[in-house]
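The values are calculated or read from the model by the stated rules, or taken from the named source; none is laboratory data. From a predicted model like this one, the values you see are computed outputs, not experimental measurements. Cβ placement follows ideal geometry from the backbone for every residue including glycine, while neighbour counts extend to all protein chains displayed.
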Amino acid sequence: MYSSDGKNLNRKMTKYVKNGKELMKEDITQSQKSQIKASREELSTAYESDYRQKSEMQLTLKTERRPAINQEQFDKKHGYRRNRLPIVAWLPTYNWHEDLLRDIINGIMISIIYIPQGLAYGLMVGIPPIYGIYTGIIGPLIYVFLGTSRHASTGAFAIISMMVGSVIEQSLTEPMLTYNKTDRLCCSKITQKPDVEKAIQLSSLIAFFVGIIQVILGLLNAGLLAVWLSDQLVEGLTSGAAVHVLASQLQTMTGVTNVPHTSEMFGIVRFLICFFRNIRTLQLHTFLCTVICILSLLISKLIIDPIVKPWTKTKFPMEFLLVIFSISLCYFANETPLDLHLQIVGDVDAGMRAPFLPDFNKTGLIIFSAFSIAIVSFVIHIALAKLIAKEYKYQINVNQEWLALGTMHIVASFFGCFAGGSSLSRTVTSARLGTKSQVSKCFLLK
């Protein structure tokens, strides 16, 4: 709206213009021309003054409603929300057109690899194998929202599964040592199998307190400790973990019997000594299947992948083919002349268990073990995440990884899941497949 002075000048100017048109027919005196010019200048000045006042008033209203801030102030104001919920930061910039299909395919590929691993890790913990599958479903879904690593494949993991299984065995059974009098080193524990429901409750309780400890450490900014994880330490840790995982699988890969667990202190040394002493108990069919699988994976990596790489964005699905072939062979050859008498998992329950609260009465039995499991789980996870992030040139938030793993374990514990972490093999495979974001974890085991 213009001021009253502006309106009066407008009327006055209109009058002079009309008079000017009438006087055009006659001679217009110099004084009349000067008067018309002065009126126009006065009106223009009034218009400019009114426009300036209106602009200042609008700017004042905008300033009062939302003050202008720069990018640094915005990050400082909203950074906490973006850091604690990383999906808010990366999802809006996700390239749905180019990356979604690849992430879907890679998620399915990792699922195929995880299924036999999850079943085996469930048995390693000492509970029904289907709970290993549950662990691979709930955990990654939570990590999608809270995690900052694109490639970390969370879920069941061999080293953590052995630690959890050892705690359950010590808490629910009374082991007796049996050994050959001539060889006390290669003694093994004979224990009665614990009650299944009690084992499930205890594994869930361990996962719950592992999560609580990790969340507390995350809130205390324990991510600063990751500064001490140098590149050499990270590479050494991942290499040592890989050797430990390989040693833990040797018995299953060869069928050698009468060997101790690797989860005890210096257990891997005793295990290897006893393994080679009892190598004569090796089962030929089991060993041949292992050799065929390893050779197939090497051929795929060294020969087939370089050939198909120019034609496709993903690697050749040798892992998928091996899993399908192995399952089909064991299923159709069972109780036939082609039966290789391999040790298999067997039938598993279908469906998802309803959520439940862990039994907190046994907290005193597992609290110290839960602390050590929480530390080992995080250290292996962050070592892998940093190694992959360095190779693919992106950053991870170490404190947020504490919170992501902790929340993942807390939520998963209500579904009977046991503690886990990031798998060496699945994480490396995810990186080599070209996974672009955490979206791939939404398609795990679907």
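Limited to the range 366-397, what total is found for residues that are over 15 Å from the mean Cα position of the chain (by Cα), farther than 17 Å from G139 by Cα and not β-branched (V, I, T)?
Matching residues across the range 366-397 total 9.
For the range 388-427, which residues satisfy the criterion of being within 21 Å of D231 (Cα to Cα), at pLDDT 85 or above and out of contact with any Ser or Thr (no Cβ under 6 Å at 6 or more places or on another chain)?
I388, A389, K390, E391, Y392, K393, Y394, Q395, V398, N399, E401, W402
Could you tell me which of the residues F332, F320, F276, F316 is surrounded by fewer than 14 Cβ atoms within 10 Å (Cβ to Cβ) and at pLDDT below 85? Give the steps one after another, and end with the answer.
Numbers: F320 fails: surrounded by fewer than 14 Cβ atoms within 10 Å (Cβ to Cβ); F276 fails: at pLDDT below 85; F316 fails: surrounded by fewer than 14 Cβ atoms within 10 Å (Cβ to Cβ).
Result: F332 is the single residue among F332, F320, F276, F316 that is surrounded by fewer than 14 Cβ atoms within 10 Å (Cβ to Cβ) and at pLDDT below 85.
Only helices (runs of 4 or more DSSP H) wholly contained in the range 216-308 count here; list those with 1 or more residues that are charged (D, E, K, R) and closer than 30 Å to N397 by Cα.
Numbers: elements: 231-254, 267-277, 284-299, 305-308.
Those helices (runs of 4 or more DSSP H) span 231-254.
Looking at the range 354-365, is at least one residue of a type in the set (D, E, K, R), in a loop (DSSP other than H, G, I, E, B) and assigned by TED's automatic domain parsing to the domain that holds F145?
yes
Filter the range 105-147 for residues that are aromatic (F, W, Y) and within 17 Å of the chain's Cα centre (by Cα); which is surrounded by the most Cβ atoms within 10 Å (Cβ to Cβ)?
By that ranking, first place goes to Y114.
Find the residue count for the range 362-390, including only residues that are crowded, with 18+ Cβ neighbours inside 10 Å, more than 30 Å from K436 (Cα to Cα) and small (G, A, S).
2
Only one of K198, K181, K193 is surrounded by fewer than 17 Cβ atoms within 10 Å (Cβ to Cβ), modelled with pLDDT of 80 or more and basic (K, R). Can you tell me which?
K198
Are there any pairs with C-beta distances below 7 angstrom linking a residue in the range 238-250 that is free of Cβ contacts under 8 Å to residues at least 60 places away in the same chain to a residue that is buried (at least 17 other Cβ atoms within 10 Å of the Cβ) and in a helix (DSSP H, G or I), with the two at least 6 apart or on different chains, and if so which?
A247/I268; A247/F271; L250/F275
Considering C330, C274, which residue is touching a residue at least 40 places away in the same chain (Cβ under 8 Å) and either out of contact with any helix residue (DSSP H, G or I) (no Cβ under 9 Å at 6 or more places or on another chain) or of a type in the set (D, E, K, R) (or both)?
Working: C330 fails: touching a residue at least 40 places away in the same chain (Cβ under 8 Å).
Going through C330, C274 in turn, the sole match is C274.
For F325, are the conditions met, namely being in a helix (DSSP H, G or I), touching a residue at least 60 places away in the same chain (Cβ under 8 Å) and surrounded by fewer than 16 Cβ atoms within 10 Å (Cβ to Cβ)?
Criteria not met by F325.
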